[in-house]
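These notes are about the structure you will find just below.
We did not get these values from a lab; they are worked out from the coordinates using the rules stated. All values reported here derive from a predicted model rather than from experimental measurement. Methodologically, a virtual Cβ is constructed for each residue, glycine included, from the backbone with ideal geometry; neighbour enumeration extends over all protein chains shown.
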Amino acid sequence: MIWVLIAVAFWVFTWWLNGRIANSPAAGSRWAKLAVPVIFGATVLVVWEALVRGLNVPPVILPPPSAIGVKVASSLDVLWVDFVQTFVKGALTGYLMGCGGAIVTAILIDRSPFLQRGLLPVGNFIAALPIIGTAPILVMWFGFDWHSKAAVVVVMVFFPMLVNTVQGLADTDSMQRDLMKTYSANYWQTLFSLRLPAAMPAIFNGLKVATTLALIGAIVAEFFGSPIKGMGFRISTEVGRLGLDMVWAEITIAAIAGSAFYGIVALIEKGVTFWHPSQRG
Amino acid sequence: MMTSLVPILTVITAIMVLWYAAAIGMNAKWARDQAKRAKVELTTSELIVDTWSQDRPVLPVPHQVASELWKTTGAMALKGRAFSKRSLIFHGWITLSATLLGFVFGTGAGILLAVGIVHNKAMDMSVMPWAIASQTIPILAIAPMIIVVLNSVGIQGLVPKAFISAYLSFFPVVVGMVKGLRSPDGMQLDLLKTYSASGGETFWKLRLPSSMPYLFTALKVGMAASLVGAIVGELPTGAIRGLGARMLTGSYYGQTIQIWSALFAAAILAASLVGIISMIERRMLKRMGVKP
């Protein structure tokens, strides 16, 4: 009972604290913008921990965050093997192949408005479909190891990336293109000096969306069959054994990996598209 | 519209041609092995016909998938057995009901949270960064856990899947709706202030209407995510009913045509759901006078 009271009290206290910070004159400052979400996140963890202890929730339903932290620390070797299998081999390989292929395809069809008019709606359509359903097929074709996971990732990221790149390549106005013409620049010079750089904001938009898709694809594809390692494999088997602390540990790693992946791509974007208004603000 | 029809049809035709060609290449090995075992020589045309009509091909061709789709939907409906367990209508309905239930709850909660975020600064500062960060996290990974945990507290069937669907459609709607509710610019807000409009009036007459385009974009993303959530949610439960279950059993027993037909059923479902939303969107935005 005491734990439940602690949870409620802590919740009320941090709520009041966040309200004070958000409505104080310092709300716009950098530390306030960082502190408020951090306090909120800490509150969720503390309330979770206290409620699980106070209400005696069995660990097979919801393990407390402390148990998850202990599990992460104690099974780093297993988590690392799973991380390499799913993220580095499956998601990252597929991501690079899929995004690279999509950008190359976009440049190839760039010279043909006919192909663009045909491929864009089809690509848009396919991007909205539950492509994850191709996972069982691709697992059958490419085997249980990471190759099939990379293939699923390629299929998942290809079309969003293609659509974004084609739209990005159209992102120049006639003034700029005319200027290139007055320099008597040929197609390739215009492409590399003007249109590709101008397409970078859209391309990075696609790259950022694709980071999440890549990790989802690699994990879910492992539900359809995998060697005895990998995040998706571990999640589905540990769920079967009711080892929920391990499942949460994998999810923690997946969340960190996903955010870090996104963050790295966003950092590269900042360096490449420093000229864009959205980066200067 | 007409100018893009020809190119689209060309692309689709090209995909079909490639598909049939790929089927010849991928299924040829099995056909040759069978022929060798039966000690017959296959001519090229016989080989091609065989690769396009195997029972368990590596890659089924479009007409096989289409006929399987028809056999498990239209033909069964004509026989009056639309809801028998072998019919895709039945499995599709299982998935669809979970998707819709989850979608309604997910978007409802998302819109409510967005309203809270827009009107409460503390909530905005504490929740919004997490809502954005959560979109970079592979949330789908927790699907099996939700299913099993809810199962162990005695909740089965539709609700766990709907829960995953709701969870997946929740965050896109929150982010999109917050953007939408904030989209009126200072001039418009000032105008309402000069009319001495209350907070509620500002919300109903300005913020909510101007958030509609954003809401519909988010709804389309959320609907697609809901369907994926429901399908993945069907995987770990032992897989008995639903489109995800059809895919899983298909992959266990090597029934490739069954996987492909389930995949196409899911695709058709997704396309029509998103299509319905964009139809409502067009009608509604037109009546509201929003510029296209």
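At-a-glance table
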read-out: For B:LYS161, B:LYS220, order by how many other beta-carbon atoms lie within 10 Å, fewest first; value: B:LYS220, B:LYS161
read-out: Globularity index of chain B, i.e. its alpha-carbon radius of gyration over 2.2 N^0.38 Å; value: 1.29
read-out: Virtual paramagnetic centre 7 Å along Cα→Cβ of B:TRP130, amide N under 13 Å, in the stretch A:36-65; value: A:36-49
read-out: Of the trypsin sites (Lys or Arg not before Pro) in the stretch B:22-126, those whose Cβ has at most 16 other Cβ within 10 Å and which sit in DSSP loop; value: B:LYS39, B:LYS79, B:ARG81, B:LYS85, B:ARG86
read-out: All aspartates and glutamates inside 16 Å of A:LYS89 as judged from Cα atoms, apart from same-chain residues fewer than 8 positions distant; value: A:ASP145, A:GLU222
read-out: Formal net charge of residues neighbouring A:TRP3 (Cβ-Cβ distance under 10 Å; K, R +1; D, E -1); value: 0
read-out: Pairwise label distance in nanometres, B:ASP190 with A:TRP31, each label 7 Å out on the Cα-Cβ vector; value: 3.5 nm
read-out: Inter-label distance, nm, simple model (7 Å from Cα along the C-beta direction), A:ALA266/A:SER193; value: 3.5 nm
read-out: Angle between chain B longest axis and helix B:121-133 axis [Cα atoms, degrees, rounded to 10]; value: 20 degrees
read-out: Folded to 0 to 90 degrees: helix B:208-233 orientation relative to chain B principal axis, Cα; value: 40 degrees
read-out: The stretch B:182-271: chymotrypsin sites (Phe, Trp or Tyr not before Pro) falling in loop per DSSP and having at most 15 other Cβ within 10 Å; value: B:TYR195
read-out: Over 24 Å (Cα to Cα) - which of A:LYS181/A:LYS270; B:LYS121/B:LYS205; B:LYS179/B:LYS205 fall in this group; value: A:LYS181/A:LYS270
read-out: Those trypsin sites (Lys or Arg not before Pro) in the stretch A:176-281 that DSSP places in a loop and that have at most 11 other beta carbons within 10 Å; value: A:ARG241
read-out: Cα-based reach from A:LYS208 at 17 Å (exclusive), listing aspartates and glutamates while leaving out same-chain residues under 8 positions away; value: A:GLU269
read-out: FRET efficiency estimate (nearest 0.05) - Cβ-Cβ, A:LEU76 to B:ALA21, R0 60 angstrom; value: 0.80
read-out: Sequence of B:THR73, B:THR256, A:THR165 once ranked by neighbouring C-beta atoms within 10 Å, starting from the fewest; value: B:THR73, B:THR256, A:THR165
read-out: Neighbouring partner chain Cβ atoms per residue of A:18-27, average, 10 Å criterion; value: 3
read-out: For A:ARG111, B:ARG207, order by how many other beta-carbon atoms lie within 10 Å, fewest first; value: A:ARG111, B:ARG207
read-out: Nitroxide proxy distance, nm - points 7 Å out along Cα→Cβ at A:SER278 and A:HIS147; value: 3.8 nm
read-out: Sites excluded, chymotrypsin sites (Phe, Trp or Tyr not before Pro) in DSSP loops with at most 12 other C-beta within 10 Å, longest stretch of chain A; value: A:1-182
read-out: Folded to 0 to 90 degrees: helix B:2-37 orientation relative to chain B principal axis, Cα; value: 40 degrees
read-out: Given B:LYS85/B:LYS161; B:LYS161/B:LYS220; B:LYS85/B:LYS220; A:LYS229/B:LYS161, the pairs whose alpha carbons are separated by over 21 Å; value: B:LYS85/B:LYS220; A:LYS229/B:LYS161
